[in-house]
Amino acid sequence: MGLLRWLLGFDPDDLRRELAELERLKAEVEDLRARVEQAEKLRVKLGLTEDKLRAEILEVLKALDRKADKADLEDVRLRLNSLMKTLDSLAQQIEALNISLKRDQFLATGEGQKELILRLIREGYNTPSELKRVAPFGSKKLYEILRELEREGLVEKIKRGRRVYYVSSAEAEEG
């Protein structure tokens, strides 16, 4: 297996693991997409907006203040406040799912991946090992992106002894 790895320049088992991870991530993205669509369909079906729900809950609270006795009112008020907190939590979860879905869709594109690596290099992650630690994809993909960024003239590869550093072309011109 060592000879095959040396000839190919990478370990085929690493490729298999990367493919399995990619399939898992694709399934996760599809699950998130389905959950967001379900939540959106439910919201549209019920004709609910966050503001509309809040207004209805506040109106019920005002009506209860006028009609109910104080002991029952406190119990209902606690329940309604609990419902408002649940509503806030659901709205935050839907927003987080939407953000996560958009991020995953952006990173699925080659341009999104290149933008991410370029931004990381500008933030000071200059060695391949540093980039591998923070990039959400494997080594092979990282090196493909780095080579492409070099060809496009956006980053430069600097060798110092056995160490390799990547800097954005703008930084290389300055220093």
**Q.** Every pair of residues 6+ apart whose Cβ atoms lie under 7 Å, when the first sits in the stretch 142-166 and is under 15 Å from Lys114 (Cβ atoms) while the second is of a type outside the set (A, V, I, L, M) and in a loop (DSSP other than H, G, I, E, B)
**A.** Tyr166/Asn126
Q | Looking only at the stretch 64-82, and only at residues there that are loosely packed, with under 13 Cβ neighbours inside 10 Å and at pLDDT 75 or above, the one that is nearest to the chain's Cα centre (by Cα) | A | Ser82
Q | Residues of the stretch 113-132 satisfying the condition of being assigned to a loop (DSSP other than H, G, I, E, B) and loosely packed, with under 14 Cβ neighbours inside 10 Å | A | Glu123, Gly124, Thr127
Q | Selection within the stretch 133-155 - under 20 Å from the mean Cα position of the chain (by Cα) and loosely packed, with under 15 Cβ neighbours inside 10 Å | A | Arg133, Val134, Pro136
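The values are calculated or read from the model by the stated rules, or taken from the named source; none is laboratory data. Predicted, not measured: the structure shown is a model, and the values here were computed from it. All Cβ positions, glycine included, derive from the backbone under ideal geometry; neighbour counts span all protein chains shown.
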